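The values are calculated or read from the model by the stated rules, or taken from the named source; none is laboratory data. A quick note: this is a predicted structure, and the numbers were derived from the prediction, not measured. All Cβ positions, glycine included, derive from the backbone under ideal geometry; neighbour counts span all protein chains shown.
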Amino acid sequence: MNASELFVRCLEAEGVTHIFGIPGEENLAFLEALRTSSIKLVLTRHEQAAGFMAATFGRLTGKPGVCLSTLGPGATNFVTAASYALLGGMPMVLITGQKPIKKSKQGRFQILDVVGVMEPVTKLARQVVSSNAIPALVRDAFRVAQEEKPGPVHLELPEDIAEEVVSLSPLTVAGPYIPQADRAAVVKAVELIRKAERPLLTIAAGANRHSVCEAVEGFVDVTGIYFFSTQMGKGVVDQRHPQSLGSAALSDHDYLHCAIARADLIINVGHDVVEKPPFFMEPDNGKTVIHINYSAAQVDQVYFPQHEVVGDIAESLYSLTEALGDCRRPSYEYFTRIKQEVERNVYGNGQAADTFPPTPQRIVLDMREAMPDDGVLSLDNGMYKIWFARNYKAYRPNSLLLDNALATMGAGLPAAIAAKLLHPEQTVVALCGDGGFMMNSQELETALRLRLDLVVVVLRDDGYGMIKWKQAGMGLAVYGLDFGNPDFVAYAKSYGARGHRITRNGELGKVLRACFSEGGVHVIELPVDYSENERVLLQELRSKTCLL
């Protein structure tokens, strides 16, 4: 067999089922090996979208997703997706082609130092310089990608190496081992929690793994501790839980921050400083923070925990739960009152006005009512992401896919496609702004070719709404942020999808349910009124008073 066939056999041994990407002439030997393998090639319309799909596979399975591109411009189109996976902690393997490295007749045509380009945005980047090294390189790539903190790894396969004759086999695959936390660290954490009068739990991105969710929920149920989540920790514990205080979509001044201010101990599970801070630490304010994570805290100006429990998160929480037992306290009554404020002012139906175009609160409410409990909502990035992170209750882990690390536009639709491929039995919806949607809207064709049942909701405000909000908040004139849009209904139809336009109140839920029932690919154009940004996120929160 040749080196490409060996490479593909190594991928099969790692359990790879899909590869996303766009091959080039430098990948043809690899492509032929892939043709006769058990792995399905998902041909995309842009390498960036392929990278987002692979990263989402990694995010949802815990095993590296894989994407493929050619050299030069194909490879550089992976940079944003690699960065997305790096900051977001998503295991991923990027494979790129290259011209022959032993003898080439094309000079420097299309040749870049792709390994050098990838090094700053991956955990590891290597060129395959010998076919004999392939089994070890592939095994190491998957090991590194899965190790905490998970992330992207890059392998470059030159054209001549890909065709070398070789007689080797894949290496034995061994799963990543996560050490347990030091017993003394757990004992110290128990002492701090027992001593605290008003402990509070933060659930962050690192806890949003299937292996951890049960441990977190058990800790909450047994101890009675109130909790809130970061944006990427939503759904680890059902947000309908009686001890849930919602999500820290903002870093300060929201209703749940009243509880944070009153807490004397915060147990931070799975927090990573690459995610927008859920609260700001201050020196000598009488508040202790315990960091529970797979790795030690990255200390910065607003995050400097006083105690750390480093090791397998699930095992750490099981140990804490067993040692603590029921530790409900009378002082939790204050958190109960804050929960009532959150339910009334954040989740309450009274916050959703019956105007048209609809406000973000109305859109959140209508989407939540239409989505099944196990439905997956994949968000792109824009002003609406704050509203969904704050107002949308997530009932299951990874049922609200959003990016609060790189926070790149253009990922919502590709991530939804990957989620649907993984979970064809579940309802999947991509929610995009008009700006983000048009960055990878060509992947509608990919969804249609794959015969997916997928709904894309496009929020239309004909501009970059979040930046316009920031611009206005700084007292600056509106400038440079408005654009035109296609007719999204006609645009959907041009691909062979179904297009819908919402023109009055009460339509969104009905149209969504009809799309779910009918199946196929649907695009729903929905205008949005962002005037509530100023009233709620600035004026209301500035004027609120924390309960005494």
Residue check, L450 against (1) surrounded by fewer than 18 Cβ atoms within 10 Å (Cβ to Cβ); (2) assigned by TED's automatic domain parsing to the domain that holds Q361; (3) more than 30 Å from L43 (Cα to Cα), all met but one. Which one? (3)
Within the set of pairs 6 or more residues apart or between chains, which connect a residue that is surrounded by fewer than 15 Cβ atoms within 10 Å (Cβ to Cβ) inside the stretch 501-516 to a residue that is assigned to a loop (DSSP other than H, G, I, E, B) and of a type in the set (K, R) with Cβ atoms less than 6 Å apart? none
Do you know which of the residues in the stretch 216-230 that are in contact with a strand residue (DSSP E or B) (Cβ under 9 Å, 6 or more places away or on another chain) and among the aliphatic types (A, V, I, L, M) is farthest from G325 (Cα to Cα)? V216
I'd like the full set of residues that are surrounded by fewer than 23 Cβ atoms within 10 Å (Cβ to Cβ) and either outside any loop (DSSP other than H, G, I, E, B) or free of Cβ contacts under 8 Å to residues at least 12 places away in the same chain (or both), limited to the stretch 192-214. L192, I193, R194, K195, H210, S211, C213, E214
If you go through V364, V342, the only one that is buried (at least 19 other Cβ atoms within 10 Å of the Cβ), β-branched (V, I, T), touching a Leu at 6+ places or on another chain (Cβ under 9 Å) and part of a helix (DSSP H, G or I) is V342
What pairs come up if the first residue lies in the stretch 121-141 and is over 20 Å from M92 (Cβ atoms), the second is among the small types (G, A, S) and crowded, with 22+ Cβ neighbours inside 10 Å, and their beta carbons are under 7 Å apart, counting only those six or more places apart or on different chains? S131/A3
Flagged in the stretch 352-380 as of a type in the set (S, T, N, Q) and modelled with pLDDT of 95 or more, in numbering order, are S378
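Hey, can you tell me all the residues within the stretch 493-548 that are of a type in the set (G, A, S) and touching a Phe, Trp or Tyr at 6+ places or on another chain (Cβ under 7 Å)? Write out each step before concluding.
Restricting attention to the stretch 493-548, the residues satisfying the condition of being of a type in the set (G, A, S) are 494, 496-497, 499, 506, 509, 514, 517, 519-520, 531, 543.
Passing the criteria: only G499.
Which of the residues that make up the stretch 506-515 are in a helix (DSSP H, G or I) and out of contact with any helix residue (DSSP H, G or I) (no Cβ under 8 Å at 6 or more places or on another chain)? Reasoning before the result, please.
Filtering the stretch 506-515 down to residues in a helix (DSSP H, G or I) leaves 507-515.
The answer is E507, K510, V511, A514, C515.
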Could you run through the stretch 156-184 and say how many residues are surrounded by 15 or more Cβ atoms within 10 Å (Cβ to Cβ), part of a loop (DSSP other than H, G, I, E, B) and more than 30 Å from the chain's Cα centre (by Cα)? 6
Look through E14, E47, E119, E25 and report the one residue that is under 21 Å from A447 (Cα atoms) and acidic (D, E). E47
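Say we look at the stretch 522-548 and pick out the residues that are in a loop (DSSP other than H, G, I, E, B) and of a type in the set (S, T, Y); which of these is farthest from K493 (Cα to Cα)?
At the first step, the residues of the stretch 522-548 found to be in a loop (DSSP other than H, G, I, E, B) are 528-531, 544-548.
Okay, now just the ones that are also of a type in the set (S, T, Y), so 530-531, 545.
Working: Y530: 28, S531: 31, T545: 50 Å.
Top of the filtered list is T545.
For the stretch 1-55, name all the residues that are in a strand (DSSP E or B) and within 14 Å of N77 (Cα to Cα).
First, pick out the residues of the stretch 1-55 that are in a strand (DSSP E or B): 2, 18-22, 40-43.
Of everything in the stretch 1-55, those that are in a strand (DSSP E or B) and within 14 Å of N77 (Cα to Cα) turn out to be F20, G21, I22.
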Starting from the stretch 459-477, take each residue that is assigned to a strand (DSSP E or B) and list its partners that are charged (D, E, K, R), counting only C-beta distances under 6 angstrom and pairs at least six apart or across chains. R460/D434; R460/E525; G463/D482
Test set (1) in a loop (DSSP other than H, G, I, E, B); (2) of a type in the set (D, E); (3) over 20 Å from E14 (Cα atoms) - E148 fails condition number: (3)
